Amino acid sequence: MDRKSQLANVAFGGDWAEQIIPRETAQGAIETLERAVRGCRYEDYRTDAVRDALEVVRVKPKGDLLASRFWKALSNQNPALREQEARDALRLIRSAIGVAVKAQ
């Protein structure tokens, strides 16, 4: 049973259940982008998974700009600069889409 089907059977009032899936999707996108930031110094993270995560960002206000900035950062030839620019872009993305950072 998928997550959407599970939540459809919730008997509580309000629209909180409908908000769970978008939040989980956004959190999953952020986690993918975090992995890309951590590994981009040593590997090319311009992957389909990162592209999909950036599609989640694109639907938010200013999302196109933020997603483009992140992708451009991953294209930087200097590994240290690539990581720093990607980290900066991720900070802006987190702020824009309102996803809480998990406690480490």
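Overview of results
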{"item": "Lone unmet requirement of (1) open to solvent by less than 50 Å² (accessible area, probe 1.4 Å); (2) modelled with pLDDT under 95 for Leu74", "result": "(2)"}
{"item": "Condition met for Arg51 (closer than 21 Å to Glu24 by Cβ, at pLDDT 95 or above and in a helix (DSSP H, G or I))", "result": "yes"}
{"item": "Any chance Thr25 is touching a residue at least 12 places away in the same chain (Cβ under 8 Å), at negative phi and among the polar types (S, T, N, Q)", "result": "yes"}
{"item": "Hits in region 35-66 - residues which are closer than 16 Å to Gly98 by Cβ and in contact with a helix residue (DSSP H, G or I) (Cβ under 8 Å, 6 or more places away or on another chain)", "result": "Ala53, Val56, Val57, Arg58, Lys60, Pro61, Lys62, Gly63, Leu66"}
{"item": "Test: Asp44 is out of contact with any Phe, Trp or Tyr (no Cβ under 8 Å at 6 or more places or on another chain), in a loop (DSSP other than H, G, I, E, B), open to solvent by 50 Å² or more (accessible area, probe 1.4 Å) and on the phi < 0 side of the Ramachandran plot", "result": "yes"}
{"item": "Residue count for region 54-71, restricted to those that are open to solvent by 30 Å² or more (accessible area, probe 1.4 Å) and in a helix (DSSP H, G or I)", "result": "8"}
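The values are calculated or read from the model by the stated rules, or taken from the named source; none is laboratory data. Only a predicted model underlies this, so the values are computations on that prediction, with no experimental measurement involved. Cβ atoms come from the backbone with ideal geometry, glycine included; neighbour counts cover every protein chain shown. Heads up: the accessible areas ignore ligands, DNA and RNA and are worked out on the full protein's heavy atoms, side chains in. Shrake-Rupley method; radii C 1.70, N 1.55, O 1.52, S 1.80 Å.
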